[in-house]
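Quick notes on the structure that follows.
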Amino acid sequence: MTAYRLTHAAQTDIAAILAWSHELFGADARRRYERLIATGIRDAAASKDAPGTPRPDLGDGVFAWHLARSRTHPRGRRVRNPRHFLICRREGDLLVVGRVLHDAMDLSQHVDPGGTWE
């Protein structure tokens, strides 16, 4: 498995997504979405040949990985309609997840193309 790193912003995004999911849909739904996010990160990290949707408008080498691409992989009940993207780029063999954003958002307003991915 390829290594990955979550930025502080991505960690904050995930915590907020899971809290919202728990509040609106309950603990089981939160656990399903948590498994889906983890699976999406592993899938994006492992996919060197098909790295998602290129997003040069968000920075050099940035791509979006929609969680719908990974929804058939987690064990147990599936998330039927995932709505989030992983915003990623590679630093050598390391996948860096910069943000985890809802697909209704204007991604360019939440990712600074010239910013650092701490």
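Quick notes on this one:
- For Y4, the amide hydrogen comes within under 5 Å of the amide hydrogens of L95, counting only partners 5 or more places away or on other chains and with H modelled in the peptide plane.
- Measuring nothing but how far apart in sequence close Cα pairs (under 8 Å, 6+ apart) lie, relative to its length, segment 53-118 scores a relative contact order of 29 percent.
- Sparsely packed trypsin sites (Lys or Arg not before Pro) within segment 1-56, loop by DSSP, other Cβ within 10 Å at most 14: K48
- Mean residue ellipticity (222 nm) of the chain, computed from DSSP H runs ≥ 4 via -39,500 (n - 2.57), nearest 500: -11000 deg cm²/dmol
- Amide H partners (placed H, <5 Å) of D103, local residues excluded: H84, F85
- Nearest 10 degrees, 0 to 90: helix 27-46 Cα axis against the chain principal axis: 30
- Electrostatic bookkeeping for D103 treats Lys and Arg as +1 and Asp and Glu as -1; over the other residues with beta carbon under 15 Å from its beta carbon, the sum is +4.
- Restricting attention to segment 4-109, close to 80% of DSSP beta bridges with both partner residues there are antiparallel.
- As computed over segment 4-109, the Cα convex hull volume per residue (Å³): 97
- Structure remark: mean-square fluctuation, Gaussian network model of the chain, C-alpha springs under 10 Å; the largest value among L86, L36, L94 belongs to L94.
- Karplus-derived HN-Hα couplings along segment 8-18 (A = 6.51, B = -1.76, C = 1.60, θ = phi - 60°), whole Hz, x at Gly and Pro: 4, 4, 5, 4, 5, 4, 4, 4, 5, 4, 5
- As a length-normalised measure over Cα pairs under 8 Å and 6 or more apart, the relative contact order of the chain settles at 31 percent.
We did not get these values from a lab; they are worked out from the coordinates using the rules stated. None of these values were measured; they are calculated from a predicted model. Backbone-built Cβ (ideal geometry, glycine too); neighbour counts: all protein chains shown.
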